[in-house]
Structures are given as structure tokens and as C-alpha cells.
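Engineer: Can you keep this structure in mind? I'll have questions shortly.
Every read-out reported here was derived from the displayed coordinates using simple, explicitly stated rules and does not represent laboratory data. Because the structure is predicted, anything quoted here is derived from the model rather than measured. Glycine gets a Cβ as well: all are built from the backbone with ideal geometry, and neighbour counts include every protein chain shown.
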Ligand SMILES: NC(=O)c1ccc[n+]([C@@H]2O[C@H](COP(=O)([O-])OP(=O)(O)OC[C@H]3O[C@@H](n4cnc5c(N)ncnc54)[C@H](OP(=O)(O)O)[C@@H]3O)[C@@H](O)[C@H]2O)c1
């Protein structure tokens, strides 16, 4: 091999080594998960990190989110009922593409209203409804609103609203008033966002994780979060535009609204 071809090969090798990592970096997708410090949100953060995503996990108290930090996620402070927090998260993401917004943070309501025959019309309070709506319905609306500029920078933006079968209108009688009504509300949020954004390439779904062993699901949950999240991540990754605007169960089956 003469000097000229050795030089050409060295040049090609250098260009290849410099450009390959940069190209690969562009392919790394970013997911933002709310309520990622415990429960299903934490498991989403673990598994998305393991799958090579850049994970932004939000927590109301980032200083206590040690398990979330250990996943390698970037941790941002976010109470989804706080306009100030939402604006700060949007500012932190300004100019950066966001591929998946996972509206996971959820509030069940006062535990007293559950399972003891208390979830009746005479027991529902304005405060319970307001608290559930603020977190479960309005949280996803105003966070989506604030993060739209970042989602619009993604080649294939997805908004995943974590819902529940308790929010299905076919549920005969939910054990929790505020929770079920506010989750039926977030299903309407999914439908509205799909109606407005799907023409711009957005995929928006409601996703029910099944009954899981978390603080909310209690030890009576039939699923371990690892299993439920292990099924939901491929479902999210493989979503097609015709699946948008619909309600899905963790195992891939479609749920009626
Ligand atoms: N577990 C189940 O069986 C089940 C079934 C159906 C649907 N889901 C849904 O799945 C999602 C996750 O549930 P989970 O079982 O993981 O619940 P969880 O263990 O109770 O965790 C709830 C998460 O939401 C966060 N959160 C609560 N209020 C918030 C607020 N105002 N702003 C920001 N974050 C807030 C909590 O943060 P803090 O730690 O600061 O409180 C926590 O990170 C929820 O939307 C829930 O409705 C769960």
C-alpha cells in the first residue's frame, strides 16, 4: 500500500470514528416521565434507561429521589398542579426534542373512601374531586401545553396518558369517586389531543397499566411493575398512527372507553 492510500484510509477512518457517535447520539430518543420517583414511574424510568433512552424523570421532591437518580435519569422538580414548576420544566427542555411525554403522575384520593363502602354519592367531597382533577386530568393538559414546542421538535412525538379501567364508562361502580371521574376525564384529554394533534404526526393514547403492586395498587395488585412496564414499553415503541386516539391495556388489548 502506497503512502497516498494509507493517508486516504486514515482520513476515512478518522471521519468514520468522529461521525458515527454523533449520528448515534441523534438517534437516542428522549422520554419525560412524571411521578418517576416511585411506583410505576420509577419502573418506567429504569426500563427506558436500560433500553438506551435519555430519561427525564420528574419528582415533587427531587432531593429524595435517590432511586430515580440511580437509574441515570435527569431529575427535574415537578408538581403537576404547579404552574411555576411546569414553566420551569418547559424552560429546561427549550429547544430540545422530546419524543415521548409519559403523563404518569397520579392521585387516588383519600384512602378512606375506598373499599369500606364509603365511595358513595353522600361521601364525595369537593376537595377530593378538585385534588383528583388537578393531578389526573389538568396535570396532563397543562404539561402537554407547555411541552408542545419540544414535542414538535421530535420526528415522531408520542403522548401517553396513564389511565385506568376505573375510568371506563362501562365500569359498573368504581371504588373511588374522584379518581374514576378524573381518569374518565383524562381519557377525554387523550381524545381531544388526538383530534387536534394527530394531523401533525402526533400519536396520543390512554394506557391502563393493570392492577400493580405499588403504593397506590397496594400489595393486592395482581401484577409486579416490572412485568406491566415490560409489556407497556414495547407497546409504546411500536405504536402506529392508526392506534392513536384510542385506549389500550398494558397487554396490548384495546379497551372500550
Ligand atoms: N398501581 C396500580 O394498580 C394502577 C392501576 C391503574 C392505573 N394506575 C395509574 O398509574 C400511575 C402510577 O401509579 P402508581 O401505582 O405508580 O402510583 P403511586 O405508587 O401512588 O405513585 C404515584 C406517583 O405520582 C406522583 N404524584 C402524585 N401527585 C403528584 C403531583 N401533584 N405532581 C407530581 N407528581 C405527583 C407521586 O409523587 P410523590 O412521591 O411525591 O407523592 C408518585 O411519584 C397513576 O396515574 C395511576 O393512576 C395505577
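Engineer: Give me the mean projected area, in nm² to one decimal, of the convex hull enclosing the Cα positions of segment 63-199.
Structural biologist: Details: hull surface 39.9 nm².
That works out to 10.0 nm².
Engineer: What is the gain in length, in nm to one decimal, between residue 67 and residue 251 on full extension, counting 0.36 nm per residue of separation less the C-alpha to C-alpha distance? All intermediate terms of the calculation are to be shown ahead of the outcome.
Structural biologist: Working: separation 184, 0.36 × 184 = 66.24 nm, distance 2.64 nm.
Here the answer is 63.6 nm.
Engineer: Could I ask something else about it? Could you state the number of Å between the C-alpha centres of segment 33-60 and segment 227-244?
Structural biologist: So the two Cα centres are separated by 16 Å.
Engineer: How much length would be gained if the chain were fully extended between residue 243 and residue 130, taking 0.36 nm per residue of separation minus their Cα-Cα distance, in nm to one decimal? Walk me through the numbers on the way to the answer.
Structural biologist: Details: separation 113, 0.36 × 113 = 40.68 nm, distance 3.10 nm.
Gain in length upon complete extension: 37.6 nm.
Engineer: Moving on. What is the antiparallel percent of DSSP beta bridges lying wholly in the chain, to the nearest 5?
Structural biologist: Numbers: 2 of 26 bridges.
Of all bridge pairs located within the chain, approximately 10 percent are antiparallel.
Engineer: Next question. Could you state the per residue volume, in Å³, of the convex hull enclosing the Cα atoms of segment 160-257? Working shown, then result.
Structural biologist: On the way: hull volume 9.1 nm³, N = 98.
Given the Cα convex hull of segment 160-257, per-residue volume reads 93 Å³.
Engineer: State, as an integer percentage, the relative contact order of segment 31-255 based on alpha-carbon contacts under 8 Å between residues 6 or more apart.
Structural biologist: Values: 434 pairs, mean separation 40.2, N = 225.
Taking the mean separation of contacting Cα pairs over the length of segment 31-255, I get 18 percent.
Engineer: Here's a follow-up. Would you mind telling me which residue in 224, 199, 158 has the biggest mean-square fluctuation in a Gaussian network model of the chain, where springs connect alpha carbons within a distance under 10 angstrom?
Structural biologist: Result for the chain, Cα springs under 10 Å: 199 fluctuates most.
Engineer: Follow-up question, since we're still on this one. Return the whole-Å distance between the Cα centroid of segment 72-95 and the Cα centroid of segment 167-224.
Structural biologist: 23
Engineer: Rounded to the nearest 10 degrees, what's the angle between the helix 225-237 long axis and the longest principal axis of the chain, both from Cα atoms, 0 to 90?
Structural biologist: Approximately 60 degrees, to the nearest ten.
Engineer: Also: Sort the following peptides by mean Cβ neighbour count (other Cβ atoms within 10 Å, averaged over residues), highest first: 139-149, 84-94, 176-186, 43-53.
Structural biologist: Numbers: 139-149: 19.4, 84-94: 15.2, 176-186: 23.7, 43-53: 21.1.
Going from most to least packed, we get 176-186, 43-53, 139-149, 84-94.
Engineer: Assuming a viscosity of 0.692 mPa s and a temperature of 37 °C, what translational diffusion coefficient in µm² per second does Stokes-Einstein assign to the chain, Rh being the Kirkwood radius over Cα pairs? Each step should come with its number before you reach the end.
Structural biologist: Details: Rh = 19.4 Å.
In µm²/s, the coefficient is 169.
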